[in-house]
1. Hey, could you pull the Cα Rg and Dmax for the range 54-103, both in Å?
2. Which parts of the range 215-253 would a label at residue 60 reach, counting a residue when its backbone N lies under 20 Å from a point 7 Å out along Cα-to-Cβ?
3. Show the residues, 5+ positions off or on another chain, whose built amide H is closer than 5 Å to the amide H of residue 147.
4. Hey, with R₀ at 41 Å, roughly what FRET efficiency would residue 177 and residue 85 work out to, going by the Cβ-Cβ distance, to 0.05?
5. Taking only Cα atoms of the chain, what ratio of Rg to Rh do you get with Rh as the Kirkwood inverse-distance radius?
6. Tell me, what % of the accessible area of the chain is carbon and sulfur with a 1.4 angstrom probe?
7. Taking Cα atoms, how many degrees apart are the long axis of helix 22-35 and the longest axis of the chain, rounded to 10 and kept between 0 and 90?
8. Place a +1 charge on the Cβ of each Lys and Arg in the range 32-83 and a -1 charge on the Cβ of each Asp and Glu, then give the dipole magnitude about the Cα centre in debye, rounded to the nearest 20.
Amino acid sequence: MKTLFSWAWAKLFPRPQHVETQMDEWKRKAGALLANNANWQLVREVLGRLESAGLRIKSTLDRDLIVTRVIREHRQWCEGDDIARFYAEKKAAVSHNSLDLLTMIELADYSGALIELNDMSGLLSKNQPMSDRALADMIDAHSQSVFENVYTICSVDEHQPGEYVPQHVRELEALACGDFLVQSVTEAAKPGLLVGSVTLSDGRSVTFEISDEKRPDLTPFLLAMNSLVAHLGKGRFVAVETGSSEGFTVLYLRPNEQIAFRNWSVQQRFADGSVPGDWFE
């Protein structure tokens, strides 16, 4: 009787079939992409070209996790399991961008591609035993910019008064890895403008103005910072627009890196045909 009742209940009230959620789809796609060894080789070669172009990957980071991050990021674009074929066929809008260029931009910003830790247990096994806290810290470190000298700046100004300019100055100082030290930085306001003043440890200073709006043009700021550090002869800042109204990627390049980046950048293309890099010259 119990079996008959269960059968009748199932007929009357069938359980719904599993519906693939977006997260399920992403996990499935990520698994297929990670299982293809050709993708690993391809991304490793891309990272090698980026380093040759003057982008310094932090030595403290695990290279396999960086590769995993790049491959997993492609789950939102690729339908198949072959990244090289995806860019060669150019069936999706994003695939008209250069793979090297997209990888640089993606790795210079924050990414959530590594958040599902259970999918990476095999990859991380070599680092065991590891506490949950240590594992979370490791994932967080690999989810930020992986470069010493490349970073995505958020240009949106939702800061408290006096905090917007100092934050961005400190971001650029960090990219220089000790090539210059900022002694002081201040921000003042006047009608429609923010006035920034930066002084280096050697006493040289610069003042600049940017518009006081939610998404100001930071070109005057970057021009001023390049002017401020030019006498040192150690490096300069380069910006790469990403098409986002929220920010852009900025690089600090030393003289030999500037040459390498120029040579690399002329081979790269955005989907609209433009070449990356604004030298503020």
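The values are calculated or read from the model by the stated rules, or taken from the named source; none is laboratory data. Predicted model only: the values in this text are computed from it and were never measured. Cβ sites come from the backbone with ideal geometry, for glycine too, and all protein chains shown count toward neighbours. Just the protein is used for accessible areas: all its heavy atoms, side chains included, with ligands, DNA and RNA removed. Shrake-Rupley method; radii C 1.70, N 1.55, O 1.52, S 1.80 Å.
1. 12.4, 37
2. Flagged as within label range: 252.
3. 58
4. E between residue 177 and residue 85, to the nearest 0.05, is 0.60.
5. On the way: Rg = 23.5 Å, Rh = 21.5 Å.
Result: Rg/Rh = 1.10.
6. Ligands and nucleic acids excluded, carbon and sulfur give 53 percent.
7. 80 degrees
8. With Lys and Arg at +1 and Asp and Glu at -1, about 280 debye.
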